[in-house]
Amino acid sequence: MRRLAGLIVVPLLLLSTAACGDSGGSDSTSSKNGLPAVTAGSKFGEKPTLEKGEGSPPKKLTVDVLSKGDGATVKKGEALQVNYLGQSWDSAKPFDNSFDRKQPLDLTLGAGQVIKGWDQGLEGQKVGSRVELGIPPELGYGAQGQGDIKPNATLVFVVDIVKATQVPKSAKGSEVAQNDADLPKVGTNDDGKEPTVTIPKTDPPKKLVSNYVLESKGAEVKASDTVVLNYSAFIWKDRKQFDSTYKTGRTATFPLPQLTLKGLKTGVVGKKVGSRVLIVLPPDQAFGDQEQQGIPKNSTLVFAVDILAKV
């Protein structure tokens, strides 16, 4: 089972290796637990400056709450928005930060979208908190490293938890009739289990299809939103499933402005959060005449999509 996310979202590594400059600010915060101190930009929302680590790095995940927020406690499975700055223990130069981009990072906690040190270190913290994480290699990028991050590097992050959104297990809403015999039929269960998708033995439609299966009363999705989805995806021709978040047990979080699979973005925009949608993508709305990881060129694709939340 191949994961589609790497094909349909403009690559934005959670912890990319973009070069970063020094931050401003004159305040400082001493860290506990032997983690590097924040020497400037210590307030929530400010870009921090971190000292280089001293002595031996921590062997286990180390979490220091630099300032505690008064929001809800963050739980596994929630959609988070965070700002962050990261650097290696033995360096005073950040390898990445979201503050310069002025765009928080969206992720689903515990869904494997980030390194393990983040999934473990952020769970149980409160929205509005600034936390510092000391992450040993086995919870970071391990022996392979990542870009400018050396193999077996201990990582240090300052993370501001901006927002947390609860994510339901399934779409829920009014069932919408599926009367067109020439279109796939999608199951209407709302128990969190993968719905059935039955593709007819007919020629696929030439134009994009985006139909409600379950219609909720949630807010409409905008093209600028970040959405949390569960989906099951098939190739029309051989009715072969090529991806499923249900199989992996991990929802997918997609910033729609970065979504490059045109038909999927078009099929989601304008639909209501909490709904289940059948989306059929003709080749010109999918991967066109390009083969993609075993998906033949000129393939029509079928998605059953639960729009669980928008962040």
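The values are calculated or read from the model by the stated rules, or taken from the named source; none is laboratory data. Computed from a prediction, not measured in an experiment: that's the story for all the values here. Ideal geometry is used to build each Cβ from the backbone, glycine not excepted, and the neighbour counts take in all protein chains shown. Note: accessible area is taken over every heavy atom of the protein model, side chains too, but ligands, DNA and RNA are not part of it. Shrake-Rupley method; radii C 1.70, N 1.55, O 1.52, S 1.80 Å.
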**Message:** Can you tell me which of (1) touching a strand residue (DSSP E or B) at 6+ places or on another chain (Cβ under 7 Å); (2) on the phi < 0 side of the Ramachandran plot; (3) open to solvent by 20 Å² or more (accessible area, probe 1.4 Å) is the one residue 238 doesn't meet?
**Reply:** (1)
**Message:** So if I check each of 150, 172, 126, 116, which one is of a type in the set (Lys, Arg) and within 26 Å of residue 217 (Cα to Cα)?
**Reply:** 172
**Message:** For the condition at pLDDT 95 or above and out of contact with any Gly (no Cβ under 8 Å at 6 or more places or on another chain), what is the one hit in 232, 275?
**Reply:** 232
**Message:** Cβ contacts < 7 Å: first residue within 18 Å of residue 301 (Cα to Cα), restricted to the range 252-271; second residue open to solvent by 50 Å² or more (accessible area, probe 1.4 Å) and of a type in the set (Lys, Arg), any location; separation 6+ or different chain. Result?
**Reply:** 259/265; 269/222
**Check on residue 221, under 27 Å from residue 112 (Cα atoms) and either at pLDDT 95 or above or buried (at least 17 other Cβ atoms within 10 Å of the Cβ) (or both)** = yes
**Request:** Pick out the one residue from 86, 71, 117 that is of a type outside the set (Val, Ile, Thr), at negative phi, surrounded by 14 or more Cβ atoms within 10 Å (Cβ to Cβ) and in a loop (DSSP other than H, G, I, E, B).
**Result:** 71
**Complete:** Given the conditions (1) surrounded by fewer than 20 Cβ atoms within 10 Å (Cβ to Cβ); (2) over 24 Å from the mean Cα position of the chain (by Cα), every one holds for residue 50 apart from (1)
**Subset of the range 146-167 [surrounded by 16 or more Cβ atoms within 10 Å (Cβ to Cβ), outside any strand (DSSP E or B) and at pLDDT below 95]** = 167
